[in-house]
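> Quick one: the structure is below, and I'll ask about it shortly.
The values are calculated or read from the model by the stated rules, or taken from the named source; none is laboratory data. The model shown is predicted, which means the values in this text are computed figures rather than measured ones. Ideal geometry is used to build each Cβ from the backbone, glycine not excepted, and the neighbour counts take in all protein chains shown. For the accessible areas, the whole protein counts, side chains as well, though only heavy atoms, and no ligand, DNA or RNA atoms are used. Shrake-Rupley method; radii C 1.70, N 1.55, O 1.52, S 1.80 Å.
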Amino acid sequence: MSLNSGIFAPPAASGEALINLVGLNRDGFAEILTTLDQPPFRVQQLWQWVYHWGVDDFATMTNLGKPLRAALAARCEIRLPAVSRHEVSADGTQKWLLRLADGHEIETVFIPEATRATLCVSSQVGCTLACRFCHTGTQRLVRNLSPGEIVGQVLLARAALMAQGHERGLRGITNIVMMGMGEPLYNFDNVAAALKIVMDGDGMAISKRRITLSTAGVVPLMQRCGDELGVKLAVSLHAVNDPLRDQIVPLNKKYPLAELIAACRAYPGAKNSRRITFEYVMLRDVNDSRADAKALVQLIKGIPAKINLIPFNPWPGAPYERSSDDAIEAFAAIVRDAGYPSPVRSPRGEDILAACGQLKSASRRLSAVERLAADLVAPA
Ligand code: SAH
């Protein structure tokens, strides 16, 4: 819908959809305010209410005159995804299952640590990549999230944390990782629009140095990600030869290792301060040998990098097992001795299925037959 279609005067016919401000950039705000004959400085005021203060009620916007508040309320809304379920792990990790306007569901995970607090954000409903070890890849439905649905996850988590008594800033959300459901580089435009809002200094103000985008290796978009967003890059490597990577990360058939590694070498700003993170899921007897570790070191030679070893997180029906602690330690030692930090990512929120690769909302649309079956077994 065009914002210039004169919809602000006279008021919308009842039933016309309200415009959700969440996810709009400054131009979007300006377009609405111009239609309401407002001067340009109103953009900044409205921006701060929505993105800095996170309010969802126009009535609280006290520096806007009452008629303007009323006009905004008649045409616009500040709507976040609805919380279907909120779970808190024994280790403090929190997971929100969020329902979108069309009924699909996504997950957002908050991971507090001693020195930082990270929000893991989803970029798609489901995922098309079908990595063999990842639960999200088994979900049938996939669609891209809009900028508002991505920004909405951050606003919602921040509001929830503040309501729990977390402070804004350090004790709230300090870091963002695009590591939830979906492949962010398959939804680049919306992810970019959302991250620009998240990074904006007058809004949520989370610096690009504290944002990491994780990709399974969509090579053609990696350069743009660095140029246009300048965020940190994480690459889900998981295997160091094409035959194995073809199997466990099928995207490798499209963009094989040589191309992926070349794109990592060329990633804008990949100097020591902005090392690339390689994620490597530790699968027992699949990719966890000493020879694999040595090949890994060879493969990434010369790239300023950190290797994040992720012990495989099991899910119902998963075809793999987690590597032994000894295998993980031996692997880590080889990588470390070659000069690369190789932290082992401790699984967080496992008890609420919030750990890497465990996200899978229950949003799968039931077929008519499945619905019937569900009705038949449901208690009266
Ligand atoms: N599609 C992007 C974003 C997902 S990030 C990507 O592939 O990078 C989620 C991270 O968790 C990825 O590194 C993914 O490979 C990893 N992962 C998926 N399933 C996992 C599992 N069962 N155990 C451990 N890590 C897993």
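> Using only the alpha-carbon atoms, how far is helix 368-377 inclined from the longest principal axis of the chain? Give it as 0 to 90 degrees, nearest 10.
So the inclination is approximately 90 degrees.
> Quick check for you: with a 1.4 Å probe and neighbouring chains kept, what is the accessible area per residue of the chain, in Å²?
44
> Unpartnered cysteines of the chain (Cβ-Cβ under 4.7 Å counts as a partner)?
76, 120, 127, 225, 264, 356
> Got a sec to turn the phi values of the stretch 114-123 into Karplus ³J(HN,Hα) couplings, 6.51 cos²θ - 1.76 cosθ + 1.60 with θ = phi - 60°, whole Hz, x for Gly and Pro?
4, 10, 7, 9, 10, 9, 9, 10, 8, 10
> Also: Loop-only check: which trypsin sites (Lys or Arg not before Pro) in the stretch 135-206 are DSSP coil with at most 11 other Cβ within 10 angstrom?
Of the trypsin sites (Lys or Arg not before Pro), the ones in loops of the stretch 135-206 whose Cβ has at most 11 other Cβ atoms within 10 Å are 140.
> Moving on to the next point. Could you please state, rounded to a whole Å, how far the C-alpha centre of the stretch 279-295 is from the C-alpha centre of the stretch 36-101?
The stretch 279-295 and the stretch 36-101 have Cα centres spaced 45 Å from each other.
> Ignoring any ligand, DNA or RNA, what whole percent of the accessible area of the chain comes from carbon and sulfur when the probe is 1.4 angstrom?
Looking at the chain in its full context, I get 54 percent from C and S.
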